[in-house]
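The values are calculated or read from the model by the stated rules, or taken from the named source; none is laboratory data. Values in this document were obtained by computation on a predicted structure and should not be read as measured data. Backbone-built Cβ (ideal geometry, glycine too); neighbour counts: all protein chains shown.
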Amino acid sequence: MRLLTHNMLHCPRTKAYPLQLVASTCDDVQVPFSEAFIRRMLPRIQWEVFREAAAQFPDEDMLAKLPESTPQPDTLDEPTLKAIHRALLEWHVVDGTLKAENGSEYAVKNGIPNLVITEVRKESGGADDANSGDAAMDVDDKGQ
Amino acid sequence: MAVVVERKTCIAERNTKRIRHNSPFHTWIQGRASRPFSLPPRAQVSVKFELYYAYLCPPFHSEQFSEHCTTALSMDGADGVYPSSEDTFLLIEALELDTSRIVDATKNGGLCLDLGCGSGEVSEALARITPTSFCISTDVNHLATTKTRELLQNNGLINVDIALCDLFTAFRSTVRFDVILFNPPYVPTDQHELEHAIAERDIYASWAGGKDGREVIDKFLATVNYFLSDRGIVYLVTLETNKPNEIISIAEVQGLHACQVLKRRAGIETLYILRLGKRRDDG
Ligand SMILES: C[S@@+](CC[C@H](N)C(=O)[O-])C[C@H]1O[C@@H](n2cnc3c(N)ncnc32)[C@H](O)[C@@H]1O
């Protein structure tokens, strides 16, 4: 999972945004640099969320080049664009957790975030319970 | 067009392998009522799976198949993931025919979404057609996401991310995609089967569409326009049974332009590829 994807995800239960990223394993895969692409994506990114998530990657050099606040398109120089490219597309979260403020957690395993939710079937009680609107919900933890 | 020809050959090859002679399906189909898609309520998964297939391929009763009918089918789908089929290839063909439109919609870099990626072949085709885009492939079935990741990795496609999620529910409402693909579960089924698909998110999710095969499609139609950029286009696979004209009307009510781009007979059913878009000339 790249930060471009992370930036778009919210909690499927409550729509809480952002999901706080905690990365336990990361990977770094080179991607051809395209300035046009980065410029097109900038307006679609929530900058603060992106910048905070990027701090999960062990790359001080890159982090130092990411501006604190949303950069203006005309002030972007090449080193900054390349740092954004790196944080957005080259660094992968392989394993980790996405945490919503309500306490829900979603796992990232082998690069794939799992954002499906399952209703917890009650062991006892009527079979219909699971379908009632406020049935307890739980994060699905099927293996990947 | 070499790719298209290659795909067609591939389809022809698959069809001959599709129905195993004397398989549970083969036996069952002989006693079947003529009503299409009426599934025995709790039939074995393998029977249902093969039945589903039969409607998407040329006549299955002819002897010519039995020669080749070995284990191909039981292997297909045995990994719990929808194997690429006629609908998959028809969607890919539509994307190939529409390459210039897709390239235009993603000029200078786009964001694309392949919903319900299954085995990943559609994602792969999309990632190739628009190499300057970033694509996300999603599915509710974790086996499908894993399989798609393997396919993309083996083909060295690095412009795709994968996520396990249900339709658009995991995307913040301000996300806009330039291309959205969906080959949905479109087979009409009873509620029992649809509920199974929703609860288990297994192979049933690849076909179970509930009433008229429209229940998942309708959920998709209700939100797709919010997730589409101004230059965005959607490609949606449907069956005749899903009432494609009604789908087009629903899309139009949502403010989208819609049209049919490809139509092909497959077995007793007819597959349609619909294109929806915000710009007038996309519909
Ligand atoms: C007909 S298969 C198509 C697979 C692949 N795209 C292809 O063309 O071969 C439908 C796929 O959609 C997935 N699916 C079903 N319901 C879904 C939902 N609500 N959200 C995301 N994916 C879903 C299924 O698991 C299955 O992989």
Residue within region B:241-253 that is under 22 Å from residue B:138 (Cα atoms), polar (S, T, N, Q) and surrounded by 15 or more Cβ atoms within 10 Å (Cβ to Cβ) present: no
Being of a type in the set (A, V, I, L, M, F, W, C) and closer than 19 Å to residue B:81 by Cβ is the requirement here; does residue B:94 meet it? no
From the option list B:216, B:237, single residue qualifying as under 19 Å from the mean Cα position of the chain (by Cα), part of a strand (DSSP E or B) and within 16 Å of the ligand (Cβ to nearest atom) is B:237
Across region B:244-283, what is the total count of residues that are farther than 17 Å from residue B:100 by Cβ, basic (Lys, Arg) and under 16 Å from the mean Cα position of the chain (by Cα)? 3
When you scan region B:65-87, do you find a residue that is at pLDDT 95 or above and not in a helix (DSSP H, G or I), even just one? no
Consider region B:184-203. How many of its residues are in contact (Cβ under 8 Å) with a residue 60 or more places away in the chain, within 13 Å of the ligand (Cβ to nearest atom) and farther than 22 Å from residue B:276 by Cβ? 5
Scanning region A:53-95 residue by residue, those of a type in the set (Asp, Glu) and touching a strand residue (DSSP E or B) at 6+ places or on another chain (Cβ under 8 Å) turn out to be A:59, A:90, A:95
For residue B:204, only one of the following conditions fails: (1) crowded, with 17+ Cβ neighbours inside 10 Å; (2) at pLDDT 95 or above. What is its number? (2)
So which helices (runs of 4 or more DSSP H) are wholly in region A:1-114 and hold at least 1 residues that are within 12 Å of chain B (Cβ to nearest Cβ) and buried (at least 17 other Cβ atoms within 10 Å of the Cβ)? A:3-6, A:35-41, A:47-54, A:78-85
Take region B:170-213 and flag every residue that is part of a loop (DSSP other than H, G, I, E, B), touching a Lys or Arg at 6+ places or on another chain (Cβ under 9 Å) and within 13 Å of another protein chain (Cβ to nearest Cβ). B:172, B:173, B:174, B:175, B:176, B:201
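Let's see how each residue does on (1) surrounded by fewer than 17 Cβ atoms within 10 Å (Cβ to Cβ); (2) among the hydrophobic types (A, V, I, L, M, F, W, C); (3) modelled with pLDDT under 95:
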residue	(1), (2), (3)
B:168	no, yes, no
B:181	no, yes, no
B:188	no, no, yes
B:219	yes, no, no
Quick one: which of B:100, B:84, B:133, B:119 is without any contact (Cβ under 8 Å) to a residue 60 or more places away in the chain, more than 14 Å from chain A (Cβ to nearest Cβ) and more than 16 Å from the ligand (Cβ to nearest atom)? B:100
Scanning for something within 9 Å of the ligand (Cβ to nearest atom) and in contact with a helix residue (DSSP H, G or I) (Cβ under 6 Å, 6 or more places away or on another chain), does region B:224-232 turn up at least one residue? no
